[in-house]
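Data block below; observations after.
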Amino acid sequence: MLIKQKLEESFFKILMVISTIFVLGSLLLILGTVLWRGLPALDLAMLTQAPQGGYYLGKEGGILNAILGSLCLAGGATIVAVILSLPIALYLQLYPVPHFTKNWIRLSLDILWGTPSIVYGAIGFTLMIYLGMRASLLGGIIVLSLLELPIMVRGMEEAVSMVPKALLESSYSLGATRFETAFKVVVRQTLPGLITAILLAFGRGIGDAASVLFTAGYTDNLPTSLLRPVASLPLAVFFQLGTPFPAVQDRAYAAALVLIVLVLGLSITSRLLSTRFTKNIIR
Amino acid sequence: MSQALPLNTHSSPHLRIQDLNVWYETNHALRGIYAEIPTFGITAIIGPSGCGKTTLLRSLNRLLEEGEGIRVKGQVWLNEVDIYDRVMDLNELRTRVGLLAPKPYPLPLSIYENVAYGRRIHGLDVLDKGNGRNLDRKVEHYLRTAGLWEEVKDRLKAPASALSTGQQQRLCLARALAVEPEILLCDEPTSALDPISAQGIEEQLITLKENTTIVIVTHLLRQASRMADYVIFLWMGELVECGPAKELFKNPKDSRTQAYLMGKIG
Amino acid sequence: MNEKSKFLKNREKLSRHHTKSFSKLSRDRKDLAAHKAMRALAICVSILVPVFILVLFLRARPILATHNISTLLFSTTWRPNQGSFGFFPFIMGTLWVTMVAMIISVPLSLLTAIYLAEYTRPKVRAFIMPLIDLLAGIPSVVYGIWGVLTVVPFIQKVVMPSADRWLGFSPLFQTSNPTGYGVLAGGIVLAVMVFPIIIAVSEEVIRTVPLGLREASWSVGASRWQTIRRIVLRRAFPGVIAAVMLGFSRAFGETMAVLMVVGNVVQIPHSIFDAAYPLTALIANNYGEMMSIPLYDAALLGAALILLLVVLTFNIGSRLVLARISYS
Ligand SMILES: Nc1ncnc2c1ncn2[C@@H]1O[C@H](COP(=O)(O)OP(=O)(O)O)[C@@H](O)[C@H]1O
Ligand SMILES: [Mg+2]
């Protein structure tokens, strides 16, 4: 009996360790693969030039259009998302919201979080056709900002919830209104946490491909106008991988490397910024 | 450093604590405890809040070290075996030295299965089954011992969480008894209960002391004086005084014990 | 919560009183206006998903009006030019890929979650959890690249020959598609993508099981593993199911990574090596093009509607379970 139990426990413990190694190993494998295939293909021209004639046949040029495009898309979307998220997060945390409403809003945000990005893309494009818009930077920004919104609200709520009660009370007792307290005192107090949330959302926005596929389109030109199509890194990866030329496919790996460096850089920066940030999924 | 007084001579000690030290990170919570816990009867550990009662109690079945950053040094002899010896099997130790927590934690099982849980864990249910409906009889027996049988006999299949807090605590008592421990550790077992349920638990423990060694932690002096045969008084992590209850309550030797008993400190 | 809102209400009264007594009515009015604006904003955002459903439904209505729903769902003929829109191959493609992903991911994720929650020291956990979070942050095209570079060749060169040798008797492992692009490749890539979701949620759920429950079990002599298996997992079961459902809905709706490795052949897969064509890939590959074919774009938005409704159902279910857990 006892030996059987001990064996069972050891057996499962070994399985657990193997699983954990497997999960962490897959992370290493992904990073390693992209690094190994992307690094040789990466050169300065790739980062500093837009595609020239014949780029997609393996001739000269780079992915500057996609890098700048992605920064514009995700940057714009993040600005819009901050404008929308900050009031919502402050409202949920600092205002006397009825229980039911609060739960409903949070559930909606969670569900929004879970909505597949291809659905965002399809709906966004449908609405854009309805409004007579073409695929454009603006369209991409709007769709991406909705994609970023739930992440940002969640992160900001978490940051705001850490403000000490006493601080709020002293602010109120000095005669500040709730609005002044929220937007001056609380925002200043929780700035690192808010920035963490913003960076996380930016990272999600810059990496998403399916939502910008229809709404932002793709172009070889550098972004110039809100109303023109714009290139993006994820789609640069996708399209270049789809060509039959190994030289172009290599550039897809390089683009993926650029993308992953950006995203992981953001993720690590945000983690360093707020050591106390804990990802609290359940609420 | 206080030394345990010799016990009433006719019973050899069940547990012998020797130079027990506990650190939470850097907080030296128990300092060089020497004590003896007599076989059978009720030993009460008393003292003000934060003096280390729970710590001492939980070091007796080594539940203490499941926490993070906790270091234990010293020996606790159970029938001439040091439970802190490396060869000690923790699961066996905890079968022999049971625990009743301050707050009832019914397992997420039915009432019946809560009591049967320990027997199933140890494979005793197989033996029980060999004799027809023996496990049923065991469950009934321990529910009766805990004074819960009459209230739950018609709904043994119901989830334990449906019981009231007082009933849950008695269920936990039945669950602890079902593996037939020789020592039962009780950490303020009535602190979460209403007075009636508390009285029920006290009465069950007093019945049990005939053939089980019971160690109870309490910060209620009156509870200690009602129940205890032997008392250990802790003060800021040190054992100040211990001895038979009557003697210690009547003639405390240490000035701190006197002050505590008179309500001047703690 | 109640206490808090009561407190806040009192606060509000007090602060109103305060501002009025200093006769700063304009500030007071501004405060009230801001309050109303914020509430309106929050409510607008919270009706986005119903709006999404409505939009998709309205745009898919032409095809719902002309085609029987069961034909749409269960017909295997996909010939947009001739007006036949059978989603069945795509639905099966999605289900195959998602199921393979879950079969791989669930055991590995749960074992990892149990290990992290029950057996590792906080310091080790604090080191490993961020790494698992990193996995969640990797963009899906990067997963796709990894799939193309590593998973597909691995399947083609290693898995398929050995499956052929050892498991060739089962139709589940026989195929006429030698490329490696297919259900298994999609399943593996998706499995890794949902690792972080299932692990993070179930690890947290397992850790919310009260310590007292574990101690109760240890105190009757149960070992760590017995306690986990019989008590902790039983208690955490609803939450673990919720975690799996969250992972499922993520896998179900994932697009780019899958698209890059499943092969995209309109057929009902019969083996894990067959190529498949999931719903998401259907939308991504075809939407916005061939708008001249009648009903084509209604059909694609219908596919998006199916996708959204399935994902939503699983999402809401798991969120409700998780919300209940965190309140109890
Ligand atoms: N888990 C813990 N971590 C750190 N310190 C603890 C912990 N538990 C108890 N302590 C400290 O150890 C001392 C004794 O605690 P305890 O045994 O719980 O006292 P009592 O049960 O007599 O109230 C206290 O100072 C307390 O702060
Ligand atoms: Mg205590």
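Of all residues in the range B:94-119, how many are closer than 23 Å to B:VAL76 by Cα and at the interface with another protein chain (Cβ under 7 Å from one of its Cβ atoms)? Adding up the residues that qualify gives 5.
If you check B:TYR260, B:TYR230 for being within 16 Å of ligand 1 (Cβ to nearest atom) and more than 14 Å from every other protein chain (Cβ to nearest Cβ), only one passes: B:TYR260.
As for the range B:57-67, it holds at least one residue that is within 7 Å of ligand 1 (Cβ to nearest atom) and either buried (at least 19 other Cβ atoms within 10 Å of the Cβ) or more than 20 Å from B:THR213 (Cβ to Cβ) (or both). Any residue that is assigned to a helix (DSSP H, G or I), at pLDDT 90 or above and closer than 26 Å to C:LEU307 by Cα - is there at least one of those in the range A:154-175? Yes, that holds for at least one residue. Of the helices (runs of 4 or more DSSP H) contained entirely in the range C:88-151, those carrying at least 3 residues that are touching a strand residue (DSSP E or B) at 6+ places or on another chain (Cβ under 8 Å) fall at C:88-114. Of the residues screened, A:TRP104 is one that is under 30 Å from A:SER161 (Cβ atoms), part of a helix (DSSP H, G or I) and without any contact (Cβ under 8 Å) to a residue 24 or more places away in the chain. Out of contact with any Cys (no Cβ under 9 Å at 6 or more places or on another chain) and surrounded by fewer than 21 Cβ atoms within 10 Å (Cβ to Cβ): is that true of A:ARG154 in this structure? So A:ARG154 does not fit the description; no. The residues of the range C:143-182 that are more than 11 Å from chain A (Cβ to nearest Cβ) and polar (S, T, N, Q), listed by number, are C:GLN156, C:SER162, C:SER170, C:GLN174, C:THR175, C:SER176, C:ASN177, C:THR179. Only residues that are within 9 Å of chain A (Cβ to nearest Cβ) and in a loop (DSSP other than H, G, I, E, B) were counted across the range C:241-290, and they come to 4. Only a single item in (1) assigned to a helix (DSSP H, G or I); (2) among the hydroxyl-bearing types (Ser, Thr, Tyr); (3) at pLDDT below 90 is not met by A:TYR253, and it is number (3). When C:GLN226 is evaluated against the numbered criteria (1) among the polar types (S, T, N, Q); (2) more than 7 Å from every other protein chain (Cβ to nearest Cβ); (3) surrounded by fewer than 24 Cβ atoms within 10 Å (Cβ to Cβ), which criterion, by number, is the only one it fails? Here C:GLN226 meets the rest and fails (2).
Of the strands (runs of 3 or more DSSP E) lying entirely inside the range B:40-127, those carrying at least 1 residues that are of a type in the set (Ser, Thr, Tyr) and more than 14 Å from ligand 2 (Cβ to nearest atom) are B:42-46.
Taken over the range A:176-194, residues that are within 11 Å of another protein chain (Cβ to nearest Cβ) and either among the hydrophobic types (A, V, I, L, M, F, W, C) or in a helix (DSSP H, G or I) (or both) amount to 7.
Among the residues of the range B:191-209, is there at least one that is out of contact with any Leu (no Cβ under 8 Å at 6 or more places or on another chain), away from ligand 1 (no atom under 16 Å from the Cβ), over 24 Å from B:MET227 (Cα atoms) and more than 14 Å from chain A (Cβ to nearest Cβ)? Looking through the range B:191-209, none of the residues is out of contact with any Leu (no Cβ under 8 Å at 6 or more places or on another chain), away from ligand 1 (no atom under 16 Å from the Cβ), over 24 Å from B:MET227 (Cα atoms) and more than 14 Å from chain A (Cβ to nearest Cβ). Report, by residue number, each residue of the range B:30-53 that is within 12 Å of ligand 1 (Cβ to nearest atom) and surrounded by fewer than 20 Cβ atoms within 10 Å (Cβ to Cβ). If the condition is that a residue be within 12 Å of ligand 1 (Cβ to nearest atom) and surrounded by fewer than 20 Cβ atoms within 10 Å (Cβ to Cβ), then B:ARG31, B:PRO48, B:SER49, B:GLY50 are the ones that fit. Here B:ARG175 meets each of (1) under 27 Å from B:GLU36 (Cα atoms); (2) surrounded by fewer than 20 Cβ atoms within 10 Å (Cβ to Cβ); (3) in contact with a helix residue (DSSP H, G or I) (Cβ under 8 Å, 6 or more places away or on another chain); (4) of a type in the set (D, E, K, R) with one exception, condition (2).
Selection over the range B:73-101 of residues that are surrounded by fewer than 17 Cβ atoms within 10 Å (Cβ to Cβ) and within 16 Å of ligand 1 (Cβ to nearest atom) gives a count of 1. Pairing each residue of the range B:23-48 that is within 14 Å of chain C (Cβ to nearest Cβ) with any residue that is within 16 Å of ligand 2 (Cβ to nearest atom), provided the two are 6+ apart or on different chains, yields C-beta distances under 9 Å for B:GLU25/B:ILE70. Residue pairs whose Cβ atoms lie under 8 Å apart, sitting 6 or more positions apart in sequence or on different chains, and linking a residue in the range C:125-142 that is facing another protein chain (nearest Cβ under 7 Å) to a partner that is part of a loop (DSSP other than H, G, I, E, B) and hydrophobic (A, V, I, L, M, F, W, C), are C:PRO139/A:ALA209; C:SER140/A:ALA209; C:SER140/A:ALA210; C:VAL141/A:ALA209.
The values are calculated or read from the model by the stated rules, or taken from the named source; none is laboratory data. None of these values were measured; they are calculated from a predicted model. FYI the Cβ positions are ideal-geometry reconstructions off the backbone, even for glycines, and counts take in every protein chain you see.
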